[in-house]
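K.L.:
So that we are looking at the same thing, I have put the structure below in structure tokens.
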């Protein structure tokens, strides 16, 4: 009779239930794994054999067949080692367990019988919970990650022998971790109180953080563009439990999850300018998430954005609009969430001093236009706010006036996000930047003077519909920060100023 043991795999950030069926029959010694298993799963045969023997148990000298059902879904990863080993021990009578169907097992086995941490444990636990499984046996290295799901019994172990003893005697309570880990730490290395001057830039960053708007910081070298960008996470609103769970699932399947379990602070990703398309979008043999998905519900910072290859920048266009990315390859396809705030910094020309009051630019118009052309019109159209970061003079640098702290700015951002949360309570969006045309028409009402101003700007600079809608979104965020329900003329004027990029052009 075949023995059944429950486990799970994952595709994207979603779990897939898998039943491990083990049949041991008389015949020449053989160990086969079927069910569309990849190389990493087939290699588990040697790990399972050595782990069982080195843990003090007998490995059957018979014909062993392991089936991973459903057979039409590709299985990869090392999390199948433990359920296969448990199934073999049950089939040979070395574990007396009335029913294995109340448990779900995941874990990689070492040759000595130790249980190692695996990727994707969180979506696996969620999938098992959705299928009415309450008891989960996992590696100790996945303990904090799995304990996020409080309605489940998580049992953590270091060795195969410990698991067998538990299944025999039931002498252990479930792992428990304090729910305090769900709260954000608010522990940041950078604070806006360290930034001297740059008040207009801080205002623009505050608006971007309040509404989730994409932002470009441009100016001469050494003016503080990167310094300002690295402080943006310190003023972003705290992750909700649902947002934190989604981010944690992405980090779990990518293998980037640290020991603290639930991700408590919004992600801040800053890939190098030599990054490839795949590293940004994701993919590869295992269809792993890329930087844009790792920045989900956080910030993707592209420092010196013009040094990135143009083809790499163009792959951002679709995720910026759809807030998700579908990766399709010959071996399958997955969809990863990619709702991130794009922040880029750049010099306006090869020498970096175009428009600077401190040093003259020595670049020709041709060199400058060629340099800036890496940012295509469609990509620029998806940026909400452009802000110039000027170099400080000696008097400004030596000032001893203490700047406003990140915590003070965050309070205003949180108040603005609270208004937006109430506004979009019955929708799937969280901030003004995510509004569609229907929601813009509903929430961005203009008076006669504001409409006339926007019409003049629209016709003069030949704005696209997307640029027009982004001005309205920024205006709504500004009105939220000011505590006003309606958009004022002053809000529109300020929003239009944030659409100026190089040569005072409105884009």
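Where a number appears in this text, it was derived from the coordinates with a stated rule and is not lab data. Predicted model, so just to flag it, every value in this text is computed and none were measured. With ideal geometry, Cβ positions are generated from the backbone for all residues, glycine too; neighbour counts draw on all protein chains shown.
K.L.:
Going by average Cβ density within 10 Å per residue, which order do the peptides 71-77, 102-108, 489-495 take, highest to lowest?
P.N.:
My ranking of the peptides, most packed first, is 102-108, 489-495, 71-77.
K.L.:
Right, here's the next one. Sort 353-364, 299-310 by packing, meaning the average of other beta carbons within 10 Å per residue, with the highest value first.
P.N.:
Top to bottom by mean Cβ count within 10 Å: 299-310, 353-364.
K.L.:
Let me ask something else about it. Given the C-alpha centroids of segment 152-178 and segment 39-65, what is the distance between them in whole angstrom?
P.N.:
Comparing the Cα centres of segment 152-178 and segment 39-65, I get a distance of 22 Å.
K.L.:
For the chain, take the longest principal axis of its alpha carbons; what is the angle in degrees between that and the long axis of helix 44-54, to the nearest 10 within 0 to 90?
P.N.:
Here the helix axis deviates by roughly 60 degrees.
K.L.:
Continuing with this model, one more query. If I model segment 304-422 as equal point scatterers sitting on the Cα atoms and use the Debye formula, what is log10 I(q)/I(0) at q = 0.12, 0.17, 0.18, 0.21 Å⁻¹?
P.N.:
-0.74, -1.09, -1.12, -1.21
K.L.:
Roughly how tilted is helix 121-130, in degrees to the nearest 10 and between 0 and 90, from the longest Cα axis of the chain?
P.N.:
70 degrees
K.L.:
A further question follows. Using Cα-Cα distances under 8 Å and only pairs 6 or more residues apart, what relative contact order does the chain have, in percent?
P.N.:
13 percent
K.L.:
Is segment 192-426 best put as rounded, prolate or oblate by its Cα gyration tensor, with a ≥ b ≥ c the root eigenvalues, rounded for a/c under 1.5, and otherwise prolate when a/b is larger than b/c, oblate when not?
P.N.:
Here segment 192-426 falls in the oblate category.
K.L.:
Here's another thing I want to ask about it. Nearest 5 is fine: what % of DSSP beta bridges in the chain come out antiparallel, could you say?
P.N.:
50 percent
K.L.:
Further, regarding this structure: What fraction of the DSSP beta bridges in segment 3-177 is antiparallel, stated in percent and rounded to the nearest 5?
P.N.:
The answer is about 55 percent antiparallel.
K.L.:
How big is segment 3-177 in terms of Cα radius of gyration and Dmax, in angstroms?
P.N.:
Spelled out, the Cα radius of gyration and Dmax of segment 3-177 are 14.8, 48 Å.
K.L.:
Can you tell me the orientation of helix 81-91 relative to the chain, as the angle in degrees between its alpha-carbon axis and the longest Cα principal axis, to the nearest 10?
P.N.:
It works out to around 20 degrees.
K.L.:
Based on the alpha-carbon gyration tensor of segment 95-221, what equivalent-ellipsoid semi-axes (square roots of 5 times the eigenvalues) come out, in whole Å, largest first?
P.N.:
With the √(5λ) rule applied to segment 95-221, the semi-axes are 47, 16, 14 Å.
K.L.:
Give me the percent of DSSP beta bridges within segment 192-426 that run antiparallel, rounded to the nearest 5.
P.N.:
Taking every DSSP beta bridge within segment 192-426, about 35 percent pair in antiparallel fashion.
K.L.:
State the three equivalent ellipsoid semi-axes of segment 333-384, derived from the C-alpha gyration tensor as the square roots of 5 times its eigenvalues, in descending order and whole Å.
P.N.:
31, 13, 9
K.L.:
For the chain, what are Rg and Dmax over the alpha carbons, in angstrom?
P.N.:
27.5, 89
K.L.:
Highest mean first, how do 40-50, 379-389, 336-346, 456-466 rank when packing is the count of other Cβ atoms within 10 Å averaged over residues?
P.N.:
336-346, 379-389, 40-50, 456-466
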